[in-house]
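The values are calculated or read from the model by the stated rules, or taken from the named source; none is laboratory data. The structure displayed is predicted, hence computed values, not measured ones. So basically every Cβ, Gly included, is an ideal-geometry build from the backbone, and we count neighbours across all protein chains shown. Note: areas computed on protein heavy atoms with side chains; ligands, DNA, RNA excluded. Shrake-Rupley method; radii C 1.70, N 1.55, O 1.52, S 1.80 Å.
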Amino acid sequence: MMGGLLYLTLRFSRLNPIIFSEIHVWTLEGDTIHTLSGHTSFVYTLSLLPSGDLVSGGEDRSVRVWKGAYIVECMSSKTLIMCLDGECAQVIVLPAISVWAVSTMPNGDIVAGTSDGVIRVFSEKEERWADLQTLKVWLFGILFVRQRL
């Protein structure tokens, strides 16, 4: 675990298109302390879950959850302790071309806005899951999009 202020960036480079798919965690001094790789195309959006996990979304039609933890140590000095192990804990494939925005709710739900104009909410709580028929429609949508590629 590292102390100090940290920030997350999406790194862009015309020289190396693979960098578009990476997420970098930097210190304020400019040192990269983590590079999160896993997306296969552009990453457009980031959000932090209350648990400290990082959520990302992008052009590869996926939402990814990265394991991590952050703790605000002292509000007056705005010290932030953050630890990301770089492990992608979950990949959610969506039946859309792109994930334009992700946000997280205080209860831990993940909200994704996609290029097909649909906002989807994902929850770990089983009582908030869709019924079986809705899940079948979801799966068909993903299979249909993949066949069109």
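Structure notes:
- Computing FRET efficiency as 1/(1 + (r/R0)^6) for residue 132 and residue 87, where r is the C-beta to C-beta distance and R0 is 25 Å, gives about 0.25.
- For q = 0.31 Å⁻¹, Debye-computed log10 I/I(0) when each Cα of the range 97-149 counts as one equal scatterer: -1.18
- Per-peptide average of other Cβ atoms within 10 Å, ordering 45-51, 93-99 highest first: 93-99, 45-51
- Residue-level accessible surface for residue 129, protein heavy atoms, 1.4 Å, Å²: 140 Å²
- Of the residues 23, 142, 119, ranked by 1.4 Å probe accessible area with the largest first, the sequence reads 119, 142, 23.
- Sequence ranges 130-138, 101-109, 24-32, ranked by mean other-Cβ count within 10 angstrom, highest first: 101-109, 24-32, 130-138
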